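Here's the structure, in structure tokens; my notes come after.
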Amino acid sequence: MKPVQQNTDQAADQPLKRYRIGEIGKLLDLSTRTIRYYEEIGLLNTVKRIEGGRRIYTEDDLRRLRFIKKLKLLGLSLGEMAELENHYNRHRTNKKVLPKVAELLRRHSAEIESRLSELGTLKHEINDYLSHIESKIDKS
């Protein structure tokens, strides 16, 4: 997919890719509304705008959205992601944020383990009741 424009990063002397919202949405399989929403709630606060207010996304924004998608897939809520964003904005280093990510993931893992146990119990109860019903059907 073609970027909107390419500027030269004078430090690295490499072109910087710029994407329109529709392009980045297609790349990441996200709706433009979702991307705008992430921006509205502060999860994506580095988006630049050009004349006319049109949003332009960079490779950093692309990486950020991939990270948000990964955290969502792992079960983190938007509120937890906002908490991580605030934590990062305070400390400006991954060294401080990564332990917080690990803490949230450990908590989610424990919650999943608990739910799996509850579901195992429920499955056992369903199978017991099913056997009871089937025995009544067989007697009829």
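Please give the helix 94-139 orientation as an angle from the longest Cα principal axis of the chain, in degrees from 0 to 90, rounded to the nearest 10.
Relative to the chain, helix 94-139 is tipped by roughly 30 degrees.
Tell me, which longest segment in the chain has none of the trypsin sites (Lys or Arg not before Pro) that fall in DSSP loops with at most 13 further Cβ atoms within 10 Å?
Segment 1-53 is the longest.
Checking the cross-link filter: which lysines have an alpha carbon closer than 18 Å to that of Lys17, excluding same-chain neighbours under 8 positions apart?
Partners within reach: Lys2, Lys26, Lys48.
Using the scaling law 2.2 N^0.38 Å as the reference, what is the normalised Cα Rg of segment 76-140?
Normalised Cα radius of gyration, segment 76-140: 2.04.
Mind listing the Cα extents of segment 12-140 along all three principal axes, in Å, largest one first?
On the principal axes, segment 12-140 reaches 80, 33, 26 Å in Cα extent.
Give the cross-link partners of Lys139 among the lysines, using a straight C-alpha distance below 30 Å as the criterion and excluding same-chain residues fewer than 8 apart.
By straight Cα distance, Lys139 reaches Lys123.
Any idea how far apart Leu16 and Asn94 come out in nm if each label point goes 7 Å out from Cα toward Cβ?
Placing both labels 7 Å along Cα→Cβ, they lie 2.0 nm apart.
Helix 59-73 sits at what angle to the longest principal axis of the chain, using alpha carbons and giving 0 to 90 degrees rounded to 10?
In the chain, helix 59-73 runs at an angle near 10 degrees to the longest axis.
Return the distance in nm (one decimal) between the two label points of a simple spin-label model at His124 and Glu111, each offset 7 Å from Cα along Cα→Cβ.
2.5
Report relative contact order for the chain in percent, whole number only (criteria: Cα-Cα under 8 Å, sequence separation at least 6).
Here the relative contact order equals 14 percent.
Would you pull out the residues with amide H under 5 Å of Leu16's amide H, same chain only if 5 or more places away, H placed 1.01 Å from N?
Close amide H contacts, sequence-distant or interchain: Asn7, Thr8, Asp9.
Read-outs throughout are calculated quantities, based only on the coordinates presented, and are distinct from any laboratory measurement. Here the structure is a predicted model, which means the values were calculated and not measured. With ideal geometry, Cβ positions are generated from the backbone for all residues, glycine too; neighbour counts draw on all protein chains shown.
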